[in-house]
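Could you have a look at this structure, given as C-alpha cells, before my questions?
Here, each number is a calculation from the coordinates, and none is a lab measurement. The shown structure was predicted, so the numbers you read here are calculated from the model rather than taken from an experiment. Note that we place each Cβ from the backbone using ideal geometry, even for glycine, and neighbour counts take in every protein chain shown.
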Ligand code: RTP
Ligand code: MG
C-alpha cells in the first residue's frame with residue numbers, strides 16, 4: 001500500500017469543545033502525519049464551494065450555516081492508506097451509528113454537528129486538498 005494523503009477538517013463544534021489536540025493525537029497514534037494545517041473561519045462562499053456536491057440535498061443550507069458558525073481546523077494527513085485509515089478513525093456520519101472509540105462517537109452530538117470531515121476517496125482527497133492548500137504548502141515528512 002502506497003503512502004497517500006487525505007483532507008481532514010475539525011468542524012466548528014469540535015473546535016469549540018477544545019479537542020483539537022485530542023483529535024490530532026488519534027491521527028498520530030494511527031500512523032497519520034500532519035503535513036499542512038491552518039485554522040480558518042470559512043466564508044459562506046468557501047463552505048458552499050467545498051460542499052458543492054451536496055448543493056441539491058435538503059440539508060445543504062444547514063450544513064453551510066454550521067460550517068461557517070465558527071473557526072475550523074483544516075489539515076492534510078499523510079500515511080499508508082490515509083483515506084480509509086482516517087475514515088475509520090472518524091466513524092459513521094451519524095454519531096448514533098458510529099462505533100465506540102471513534103471520533104464521532106466520542107465528540108459529535110448529531111448528524112448535523114458531527115465533529116469532523118474526511119475525504120471519501122483518493123479523487124476527493126486530491127480535489128479537497130487543492131481547494132485549501134497549494135502544493136508548496138504541503139511539507140515533506142520523510143527525511
Ligand atoms: P463529511 O463529508 O463531512 O466527512 O461527512 P460524510 O462523508 O460522512 O457525509 P456526507 O454524506 O458527505 O455529508 C456531508 C455532511 O453533511 C451533513 N449531513 N447531514 N441531515 C442529514 O441527513 C445529513 N446528511 C449529511 C453531515 O454533517 C455530513 O458530515
Ligand atoms: Mg463526505
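So for the pair residue 44, residue 62, with labels modelled 7 Å out along Cα→Cβ, what separation do we get in nm?
Using points 7 Å along Cα→Cβ, the separation is 1.9 nm.
Within region 1-16, find all residues whose amide N lies under 18 Å from a label point positioned 7 Å from the Cα of residue 130 along Cα-to-beta-carbon.
Residues passing the 18 Å test: 4-8.
Now a separate question. For n ≥ 4 DSSP H runs only, could you compute -39500 (n - 2.57) per run for the chain, divide by its residues and tell me the 222 nm figure to the nearest 500?
-10000 deg cm²/dmol
Given the Cα atoms of the chain, and with Rh set as the inverse mean 1/r over their pairs in the Kirkwood sense, what is Rg to Rh to two decimals?
Rg/Rh: 0.94.
Normalised by the residues of region 1-88, what does the relative contact order come to in percent, with Cα pairs under 8 Å and at least six apart?
57
I would also like to ask the following. Whole Å is fine, so just give me how far the alpha carbon centre of region 19-59 lies from that of region 110-143.
When both Cα centres are located, 7 Å separates them.
Order by neighbour count: 63, 32, fewest other Cβ atoms within 10 Å first, most last.
63, 32
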